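Asks: Please find one structure pasted underneath; my questions will follow.
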Amino acid sequence: MPDAVADALEMVAAWAGRPVSHTTIKGGLSHHIARVETEDGDRWLLRVLDPRIAATGLGIPLEQEIANTVLAASTGVGAQVLHKLPGALILEYIDGVTLDAPAVRDEIGKIAKACRALHAGPRFGNDFSIFRKHADFVALCKANSLKLPDGYEDWTPAVAEIEQALAVRPMRTVPCHNDLLPENFIKAGGVVRIVDYQLSGNNDPCFELGDLAAEADFDPDDVERLTLAYFDDAAPAARVRLNLIMSNLTWTLWFVVHHGLTPQHRDFDYNAEAADKFAQAVRDLKDPGFGRLIDAVRR
Ligand SMILES: Nc1ncnc2c1ncn2[C@@H]1O[C@H](COP(=O)(O)OP(=O)(O)O)[C@@H](O)[C@H]1O
Ligand SMILES: [Mg+2]
C-alpha cells in the first residue's frame, strides 16, 4: 500500500472517531480508491489522489479535480463529498452496480438524463478541449521520446479538419466529465450516478456523448439513440460521431503517456489498449461516411 493511502486511512479513522477497515477497489489505473467501513456498518469511498497523474497531464490539477467533484456533487449526479483530507477525499459510498459497456448501451435513457443534470449544474472553474489535449499529448510524447503508434501523425490534418468543421457552428460549453468510461457510471436507486472527475472541465456536450459512445463501443445507431435521448433531436449525431473519433484518437495517447511516464503502473497492457483505440479511430477516419459527417456539422 502506498504511504499516502496508509496515511489517508489513518485520517479517515480519526475523522470517523472509530476504527475502520478497508477494501481496495481496482479502478481506472490512476488514483487509489478504497471502500472504507466501520464495524457498525457505515461505509465511505476514499479517493487518494496521486499527484503524478496531474503532473503528467493524465488528469487535471488536483485542486481543480476536488473543486469539480464538489460542484458535481451539488447536482446530485456525483457522489456527495463528505470530507476533504490533504490529497484525498472521503465520498458518499454509492451502493449500486458499476456499469460495463453492454450495460451502458442498455441504459442510454438514464445516462442521457445524468449527463443533462450534470451539464445543467454550476460551471467548472476550468475549460477542457479534446483538441488541446490531443496537441498536448503529442508534444508530451515527443518531449519524452515516447513512441506514437505507427501512422499516428498521418491523421494530424484530419484532426484539424474536424476542429475547423466543429467550429463553424460551435455549441455552448457546459460542465463536462470528459472521461465517461462505463466504470465511471454507477446505477443506484433507479438512476445513474457519475464518479471520477479526473478530466472534468467545461466542454462541448457532444464530446461528452461521443466519448461515452467510444468507451462503450457504440455503433452509429446507438449514437443516434443517445443523441436523441440527450437533445430530443437526432440532428447533432454527426457532431457526436466526430467527437467519438477524437476520443479514440486522443485517449490512444493517454495510454502511451501512462505507460511511458508512470512506471509504477505496470500491471496492465497499455500498448494493446492504445493500439485498440487507434484502430477504432482509423476505422472511422477511413470510412467513406467521414466526409459526410464533416459536411453535416458545417451545414
Ligand atoms: N462514490 C463511490 N461509491 C461507490 N463506488 C465507487 C465510488 N466511486 C468510485 N467507485 C467505484 O470504484 C471504481 C474506481 O473509482 P474511480 O473514482 O473511477 O477511480 P479511478 O480514477 O481509478 O478510475 C469505480 O469504477 C466504481 O466501481
Ligand atoms: Mg474511473
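Throughout, read-outs are computed from the coordinates displayed, never taken from laboratory work. Computed from a predicted model, the values in this text were never measured in an experiment. Quick reminder, even Gly has a Cβ in these numbers, built from the backbone with ideal geometry, and neighbours come from all protein chains shown.
Asks: Please list, or write none, the lysines whose alpha carbon is within less than 22 Å of the alpha carbon of K133, excluding same-chain residues fewer than 8 places away.
Replies: K133 reaches K142, K147, K277.
Asks: For C176, C141, C115, which order do you get if you count the other beta carbons within 10 Å of each Cβ and list the fewest first? Intermediate results must be reported in sequence, preceding the final value.
Replies: Values: C176 27, C141 18, C115 24.
Ascending Cβ contact count within 10 Å gives the list C141, C115, C176.
Asks: Normalised by the residues of the stretch 3-95, what does the relative contact order come to in percent, with Cα pairs under 8 Å and at least six apart? Mind dumping the intermediate values first?
Replies: Values: 130 pairs, mean separation 20.8, N = 93.
Averaging sequence separation for qualifying contacts and normalising by length gives 22 percent for the stretch 3-95.
Asks: Taking the Cα centre of the stretch 3-95 as origin and charging only Cβ (+1 Lys, Arg; -1 Asp, Glu), how large is the dipole, in debye to the nearest 20? Intermediate results must be reported in sequence, preceding the final value.
Replies: Details: 7 positive and 12 negative charges, 47 e Å.
For this selection, approximately 220 debye.
Asks: I would also like to ask the following. Output ³J(HN,Hα) for the stretch 4-19: one whole-Hz value per residue in order, computed from phi by the Karplus curve 6.51 cos²θ - 1.76 cosθ + 1.60 with θ = phi - 60°, and x for Gly and Pro.
Replies: 4, 6, 4, 4, 5, 5, 5, 5, 5, 4, 5, 5, 6, x, 8, x
Asks: Given the rule -39500 (n - 2.57) for each run of at least 4 DSSP H residues, summed and divided by the residues of the chain, what is its mean residue ellipticity at 222 nm, to the nearest 500 deg cm²/dmol? Please report the intermediate quantities before stating the final value.
Replies: Details: 12 runs with 151 residues, N = 299.
Mean residue ellipticity, 222 nm, calculated: -16000 deg cm²/dmol.
Asks: Starting at the first residue of the stretch 112-127, write each ³J(HN,Hα) from the Karplus equation 6.51 cos²θ - 1.76 cosθ + 1.60 with θ = phi - 60°, in whole Hz, x for Gly and Pro.
Replies: Working through the residues one at a time gives 4, 5, 5, 5, 4, 5, 4, 5, 7, x, x, 5, 6, x, 10, 9 Hz.
Asks: Still on this model: Near the amide H of N202, under 5 Å away, which other amide H atoms are found, from residues 5 or more places off or on another chain, if H is placed in the peptide plane?
Replies: For N202, the qualifying residues are F124, N126, D127, F128, C176.
Asks: With the cut-off at 1.5 for a/c, could you classify the stretch 156-299 from its C-alpha gyration tensor as rounded, prolate or oblate? Intermediate results must be reported in sequence, preceding the final value.
Replies: On the way: a/c = 1.76, a/b = 1.20, b/c = 1.47.
Oblate shape, in that a/c is at least 1.5 and b/c is the bigger or equal ratio.
Asks: Oh, and also: List, in order, the whole-Hz ³J(HN,Hα) value for each residue of the stretch 217-233 obtained from phi through the Karplus relation with A = 6.51, B = -1.76, C = 1.60 and θ = phi - 60°; use x for Gly and Pro.
Replies: Values, residue by residue: 6, 5, 8, x, 5, 4, 4, 5, 5, 5, 4, 5, 5, 7, 9, 6, 6 Hz.
Asks: Select from L46, L85, S247 the residue farthest towards the positive end of the dipole of the chain; place +1 on Cβ of Lys and Arg, -1 on Cβ of Asp and Glu, and compute about the Cα centre.
Replies: My answer, from the dipole projection, is S247.
Asks: From the square roots a ≥ b ≥ c of the eigenvalues of the alpha-carbon gyration tensor of the stretch 124-163, which class results: rounded (a/c under 1.5), prolate (a/b over b/c), or oblate?
Replies: On the way: a/c = 3.59, a/b = 1.32, b/c = 2.72.
Oblate.
Asks: Right, here's the next one. Which three extents, in whole angstrom, do the alpha-carbon atoms of the stretch 3-95 cover along their principal axes, largest first?
Replies: Principal extents (Cα only, largest first): 39, 32, 22 Å.
Asks: To continue, here is another question. For the stretch 98-298, give me the percentage of DSSP beta bridges that are antiparallel, rounded to the nearest 5 percent.
Replies: Working: 8 of 9 bridges.
Bridges in the stretch 98-298 that DSSP calls antiparallel: roughly 90 percent.
Asks: So, one more: So what is log10(I(q)/I(0)) for the chain at q = 0.15 1/Å, when the Debye sum runs over its Cα atoms only?
Replies: The calculated log intensity ratios at q = 0.15 Å⁻¹ are -1.21.
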